[in-house]
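Engineer: My structure is below; once you've seen it, I'll send some questions.
The values are calculated or read from the model by the stated rules, or taken from the named source; none is laboratory data. This structure is a prediction, so every number in the text was calculated from the model and none was measured. Reconstructed Cβ throughout: ideal geometry from the backbone, glycine too, with neighbour counts over all protein chains shown.
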Amino acid sequence: MKQARQIFGGVFAGCVLTAAPPFSQTIPVAENLWRLVAQEDTDGDRKITVHDRATPFAIHARNGAAVLALTNFHQMSVLLQELKRADDRHAPEISLNHLPLDESAVDRTHRLIKDYYWDA
């Protein structure tokens with residue numbers, strides 16, 4: 001008990017330990033959105049599909065450092081959709097923890113219909 005308390009000049013200074021939130025890297029929306037479209041949408045249809053000639057895409061942080069590289073068409077397509085939705089909300093940044101890049105197409109479709117497109 002004495003180890004948990006420290007007394008400084010007759011005043012009790014309690015120590016409260018709380019769990020820190022998990023580290024979350026935030027990325028700028030506009031910069032990554034426009035770089036993604038310019039680099040990966042090679043056929044100009046404003047979508048990323050198997051018809052584009054995809055190269056590894058590096059997601060950059062605000063300081064320009066690459067924080068994640070994507071090589072999968074599905075992940076790039078999901079990133080494009082999420083960045084565009086964030087841009088439509090005028091969000092300057094988005095957390096990488098909130099990007100469902102590994103969500104299956106079926107689960108993503110179900111979640112989007114339930115949460116965004118169907119008002120039931």
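Engineer: When only residues in region 70-104 that are part of a helix (DSSP H, G or I) and of a type in the set (A, V, I, L, M, F, W, C) count, which is farthest from Y116 (Cα to Cα)?
Structural biologist: By that ranking, first place goes to F73.
Engineer: Let me ask something additional. Considering only residues that are surrounded by 12 or more Cβ atoms within 10 Å (Cβ to Cβ), under 21 Å from T49 (Cα atoms) and acidic (D, E), which ones fall in region 76-104?
Structural biologist: Passing the criteria: E82, D87, E103.
Engineer: Could you check region 36-56 and list, in sequence order, the residues that are crowded, with 16+ Cβ neighbours inside 10 Å and modelled with pLDDT of 85 or more?
Structural biologist: L36, V37, Q39, E40, D41, I48, D52
Engineer: Here is a further query. For region 105-120, which residues satisfy the criterion of being loosely packed, with under 12 Cβ neighbours inside 10 Å and assigned to a helix (DSSP H, G or I)?
Structural biologist: A105, V106, D107, I113, K114, D115, Y116, Y117
Condition check ((1) farther than 13 Å from D87 by Cβ; (2) assigned to a loop (DSSP other than H, G, I, E, B); (3) touching a residue at least 12 places away in the same chain (Cβ under 8 Å); (4) out of contact with any Ser or Thr (no Cβ under 8 Å at 6 or more places or on another chain)) across all residues:
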residue: V37; (1), (2), (3), (4): no, no, yes, yes
residue: D45; (1), (2), (3), (4): yes, yes, no, yes
residue: D52; (1), (2), (3), (4): yes, yes, yes, no
residue: I59; (1), (2), (3), (4): yes, no, yes, yes
residue: N63; (1), (2), (3), (4): yes, yes, no, yes
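Engineer: For A19, indicate whether it is hydrophobic (A, V, I, L, M, F, W, C), crowded, with 16+ Cβ neighbours inside 10 Å and modelled with pLDDT under 90.
Structural biologist: Against the criterion (hydrophobic (A, V, I, L, M, F, W, C), crowded, with 16+ Cβ neighbours inside 10 Å and modelled with pLDDT under 90), A19 does not qualify.
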